[in-house]
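The values are calculated or read from the model by the stated rules, or taken from the named source; none is laboratory data. Because the structure is a prediction, the values reported are computed rather than measured. Note that we place each Cβ from the backbone using ideal geometry, even for glycine, and neighbour counts take in every protein chain shown.
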Amino acid sequence: MSMRETLVVKTDNEKFEDWQNALAGCDLDIINWDCVTNRNAVDFALVWKPPPGALAGFPNLKIIFSVGAGIDHLREDGVLPPGIPVIRMVDELLTAGMVEYVLFHVLRFHRFMPQYEQHQPAHFWQPIRQVPARNRTVGILGLGEMGQAAARALASLGFDVIGWSRSEKTIEGVTGYFGPSQLDSLLSRSEILVCLLPLTDQTYQILNAENLAKLPRGANIVSAGRGGHQVESDIMNALDNGQLAGAALDVFETEPLPGHHPLWDRKNIYITPHIASMTVPASSAAHVCNNIVRYRNGEALTHVVDMERGY
Ligand code: NDP
Ligand code: OXD
């Protein structure tokens, strides 16, 4: 009987074959989620949104890998069998994709592109005096893998960058705020607010009317963490009453965003379908394989999620 370990893969966006090829050097049997015949033989699972109860059907599971950086999909009721470590996705291309997304939207707002996009169909020639980047304050909620990289990239362009995390951080060129008591100070300064938080009990609906009202009037928001951070009706109201000038939303309370949803037709909202950054198997497989090798060698795993904390 073969003693090779088995990894089962359940993904949405990437092709199974891409993971199979990317993980080929890891000395494993790699099986598509829908093709498992012997559940007892599965040692590792690499998953995105597994249905409740399904992971418990693999009685010898040693590690659960999240295909994405966010692990909220594993915190749904009944999804996670107890006692098995969960490893979140951390990868340079995943981070680079998010940095590109954030830079694109911050620069778009900073350079008044939403206004020029409206002027063009009207053949309206109206220069707007540009604010220098150093006079533009960008606030970033979440200073983890994604938030820190985005903060550094914005600081390198000269923006006045401020950020918020749970624990205190020292990042060159970035003014740090931390903990619930310092959130308002960050909000009151953020002309462009970027949300890159994980979705937890503490961050749920953080983009609500009360917090949006604390931003400078006419602020813009960029939301790429999770839809659960947003109270979408509050965002629409804030756009209606001028508290917000614009919003770039990549994530939604309900995904896919239903075709009849009023967000689609709002002129001050830029919608993308949860593509701010995507896992690239050819790059991310190393993170999975490194942890499997660590497990084999009895070494500590990296990027294990604290399920109590929620991220
Ligand atoms: P990390 O775990 O590396 O970072 C999370 C950050 O949020 C940390 O700085 C953490 O603080 C901070 N944080 C968490 N809870 C709180 C809180 N209650 N108060 C203040 N700060 C808090 O995550 P990543 O940067 O890798 O990813 C962030 C999220 O981005 C993911 O969870 C996912 O939801 C989203 N994402 C979205 C994608 C998309 O395409 N739209 C793609 C990839 C990720 P501390 O440092 O003190 O722990
Ligand atoms: C992620 C995502 O969490 O794709 O990586 O949203």
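Before moving on, here are some points about what is shown:
- Lone unmet requirement of (1) within 14 Å of ligand 1 (Cβ to nearest atom); (2) in the same structural domain as TYR204 (by TED's automatic domain parsing) for PHE124: (1)
- Residue match in region 95-118 (condition: within 11 Å of ligand 1 (Cβ to nearest atom), assigned to a helix (DSSP H, G or I), touching a residue at least 24 places away in the same chain (Cβ under 8 Å) and of a type in the set (Phe, Trp, Tyr)): yes
- Test: residue in region 168-179 that is touching a residue at least 24 places away in the same chain (Cβ under 8 Å) and either among the β-branched types (Val, Ile, Thr) or within 16 Å of ligand 2 (Cβ to nearest atom) (or both): yes
- Number of residues in region 42-84 that are more than 15 Å from ligand 2 (Cβ to nearest atom) and either within 20 Å of GLY97 (Cβ to Cβ) or assigned to a strand (DSSP E or B) (or both) equals 3.
- Answer residue from region 85-94, given it is in contact with a strand residue (DSSP E or B) (Cβ under 7 Å, 6 or more places away or on another chain) and assigned to a loop (DSSP other than H, G, I, E, B) and is farthest from ligand 1 (Cβ to nearest atom) among those: PRO85
- Residue that is surrounded by the fewest Cβ atoms within 10 Å (Cβ to Cβ) [pool: residues in region 292-311 that are among the basic types (Lys, Arg) and more than 16 Å from ligand 1 (Cβ to nearest atom)]: ARG296
- Enumeration of residues in region 105-138 that are buried (at least 17 other Cβ atoms within 10 Å of the Cβ) and either more than 19 Å from ALA219 (Cβ to Cβ) or of a type in the set (D, E, K, R) (or both): ARG108, ARG136
- Tally of residues being modelled with pLDDT of 95 or more and under 23 Å from the mean Cα position of the chain (by Cα) across region 1-21: 5
- So ILE275, is it aliphatic (A, V, I, L, M), touching a strand residue (DSSP E or B) at 6+ places or on another chain (Cβ under 6 Å) and within 19 Å of LEU196 (Cβ to Cβ): no
- Taken across region 96-104, residues that are away from ligand 2 (no atom under 16 Å from the Cβ), surrounded by fewer than 18 Cβ atoms within 10 Å (Cβ to Cβ) and under 21 Å from the mean Cα position of the chain (by Cα) do occur, with at least one present.
- Test: residue in region 279-291 that is farther than 22 Å from TYR101 by Cα, surrounded by 19 or more Cβ atoms within 10 Å (Cβ to Cβ) and touching a Phe, Trp or Tyr at 6+ places or on another chain (Cβ under 6 Å): yes
- Residue match in region 70-77 (condition: hydrophobic (A, V, I, L, M, F, W, C), within 25 Å of SER283 (Cβ to Cβ) and touching a Gly at 6+ places or on another chain (Cβ under 6 Å)): no
- On inspection, ALA276 passes the criterion of being touching a helix residue (DSSP H, G or I) at 6+ places or on another chain (Cβ under 8 Å), surrounded by 12 or more Cβ atoms within 10 Å (Cβ to Cβ) and at pLDDT 95 or above.
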